[in-house]
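Working notes, beginning with the structure itself.
Every read-out reported here was derived from the displayed coordinates using simple, explicitly stated rules and does not represent laboratory data. These numbers come from a predicted model, not from an experiment. Glycine also receives a Cβ, built like all others from the backbone with ideal geometry; neighbour counts cover every protein chain displayed.
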């Protein structure tokens, strides 16, 4: 084959989303595009349910509002810092894991991040099918509905960043408008703002638990924010886009859920919509809501698969992940995945923490290009710090100490520079640049 033919073949096989490369300047986009994609990710129904659970456990003002702001600020700043790393390096979270954990350690990140998103994709496809089956009385078609929605939601992820961007431009404004409409009807139902503020809690929850729930809503998903912010034209755009999405966007979803729950004394957001008579618009809201999040999930397990198998094309792994997720949905296994997926929240935030510690404290924000790197199989200093962060998150969750995801992030990040220096002093092999 001629050189020209080889070049054409390589271009055909090349994924325009650069799953194993740094995103070049020509592919970078602005704040509107990045914000739209990240908002589409954070506008997620389970977040509303989390808001409902927290909302009925506190007096609306000032207790709930202060907890909401505190938890959202922690989550937003964590994801915004990771987003800076993504923009400055042009790399996905799993590629950043090569620098931090080594080539074998990065495979663990692939399994964690990709596996979690495959599971959530299956759960969400099943939830979408259940939504339509219940609303339209199509219970006998539940399995075909699962297959249909699983395929449809994977299409936008298959076409990459651009497909998600277009979907988000349509869905985000509609979801926001409907959410505000729900708040207005809820306030009217309860008798005005004064009545809402004076409503007594019907459940009990500690502030630490509430903060853990709020941070936990997207601690795992937020760890993968570099997958999208690597397309940012600048670190400033990435930072503010992430802060808008994970502080304001995610916070609004929690707020909408809480107001509806307090006003209607109902924790199930779908039932709240039905009580309002918003059945049609409820379907529209939840369809767009679940779709925009699930295409991000498919994209995430696509790039994780590309790194795991060292194939510079995420599309085969998007297809493969959708097939696995569909099987999980139609077999009913998804019903047993939730506890496992929630537990993964203990293992994933420390990964983000150790990546942040590595980038800011060890590399001093000067990460060399991939082509200049000689990666070890395992970078033991970072592995140890990751395990320390995971232990901190686990103990925090088990004994109610601090905020479990934040424990993992902070311990993994701040211990790395010290452990790295200790390992270097003992001449333990670490990461180096090619000569």
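Side notes on the structure shown:
- Pair residue 143, residue 364: separation of 7 Å Cα→Cβ label points (nm): 6.2 nm
- Gain in span if fully extended, residue 169 to residue 333, counting 0.36 nm per residue against the direct Cα distance: 55.7 nm
- On Cα atoms only, tilt of 142-158 relative to the major axis of the chain in degrees: 50 degrees
- In this simple spin-label model, placing a label point 7 Å from the Cα along the Cα-to-Cβ direction at both residue 312 and residue 387 gives a separation of 3.6 nm.
- Against the main long axis of the alpha-carbon atoms of the chain, helix 31-42 sits at an angle near 60°.
- Extension reserve of the residue 281-residue 136 stretch, reckoned as 0.36 nm per residue once the Cα distance is removed: 50.9 nm
- The modelled label-to-label distance for the pair residue 103/residue 151, using points 7 Å beyond Cα in the direction of Cβ, is 3.9 nm.
- Prolate/oblate/rounded call for region 175-230, Cα gyration tensor, a/c under 1.5 rounded: oblate
- Ranking of 78, 159 by neighbouring Cβ atoms within 10 Å, starting from the fewest: 159, 78.
- Helices in the chain, meaning DSSP H runs of at least 4 residues, each add -39500 (n - 2.57). Divided by all residues, the mean residue ellipticity at 222 nm is -24000 deg cm²/dmol.
- For the chain, the longest principal axis of the Cα atoms and the long axis of helix 207-216 meet at an angle of about 60 degrees.
- Taking the centroid of alpha carbons for each part, region 277-321 and region 382-430 are 31 Å apart.
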